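The values are calculated or read from the model by the stated rules, or taken from the named source; none is laboratory data. For clarity, every value in this text was computed on a predicted model and none was experimentally measured. When we count neighbours, we look across all protein chains shown, and the Cβ atoms used for this are built from the backbone with ideal geometry, even at glycine. Only protein heavy atoms, including side chains, enter the accessible area calculation; ligands, DNA and RNA are left aside. Shrake-Rupley method; radii C 1.70, N 1.55, O 1.52, S 1.80 Å.
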Amino acid sequence: SAGDTHSYYGSQSLPEKTITLLFRSKTDIFLAVAENRVYQHTPKIDQFSKIRFEFDLGETQPIVYSFAQAANDDILIGTKDHGLFIWTRKAQVEKQFVLQPAIEGGGLTSSTIYGIEVDAEANLWCSTQNGIVKLDSKGQLIKRFTTADGLQGKDFALGASFTSREGLIY
């Protein structure tokens, strides 16, 4: 009933004590992240199942730091030290976990993506360890913002992004 709480860890539906990130897409995909492990919730059975995204990085399984959803329902995944990846809507529907790197150029392939926000024109804004980057909807670099542009510093923190109801990105 309303107001009741439920422990997914206590019921062993989610075998992690420390969850670093929760994400619910506009298409009702619900993900929980613990370090480099990602779990997807299945509402019919109210359980979380471990999924393994294929980053095309060999055996390396990067730590996921951020999620966002593009206007076309692709899910954007920011990682520690490996840049930005895309889980296409088609792959989501087909229950495939193969990811595409968002961009090959622009210097983001080894970046840490702490936060991702999508603006009204479908541009991506990513907080990184080297400032804020603005990408177009296809992942191409538009501009990198640094202290020279007025930022307080070049490095940000996990979850360092937010979009207000008015569309202002912080």
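The table below gives the values:
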{"item": "20 Å cut-off, amide nitrogen to a point 7 angstrom out along Thr20 Cα→Cβ, residues in segment 109-127", "result": "109-117, 126-127"}
{"item": "Mean Cβ neighbour count within 10 Å, used as a protection proxy, ranking 15-22, 137-144 highest first", "result": "137-144, 15-22"}
{"item": "Rg in Å to one decimal, and Dmax rounded to a whole Å, for the chain via C-alpha atoms", "result": "16.5, 53"}
{"item": "Rounded accessible area per residue of segment 1-114, 1.4 Å, Å²", "result": "56"}
{"item": "Among Asn123, Asn36, Asn72, residue whose mean-square fluctuation peaks in a GNM of the chain (springs only between Cα atoms under 10 Å)", "result": "Asn72"}
{"item": "Loop-resident sites, segment 81-163, for GluC sites (Glu not before Pro), counting at most 10 other Cβ within 10 Å (DSSP)", "result": "Glu94, Glu104, Glu121"}
{"item": "Segment 33-112: trypsin sites (Lys or Arg not before Pro) falling in loop per DSSP and having at most 15 other Cβ within 10 Å", "result": "Lys44, Arg52, Lys95"}
{"item": "Length gained when the stretch Thr109-Lys138 is fully extended (0.36 nm per residue, less Cα-Cα span)", "result": "9.0 nm"}
{"item": "Rounded percent of accessible protein surface that carbon and sulfur make up, the chain, 1.4 Å probe", "result": "49"}
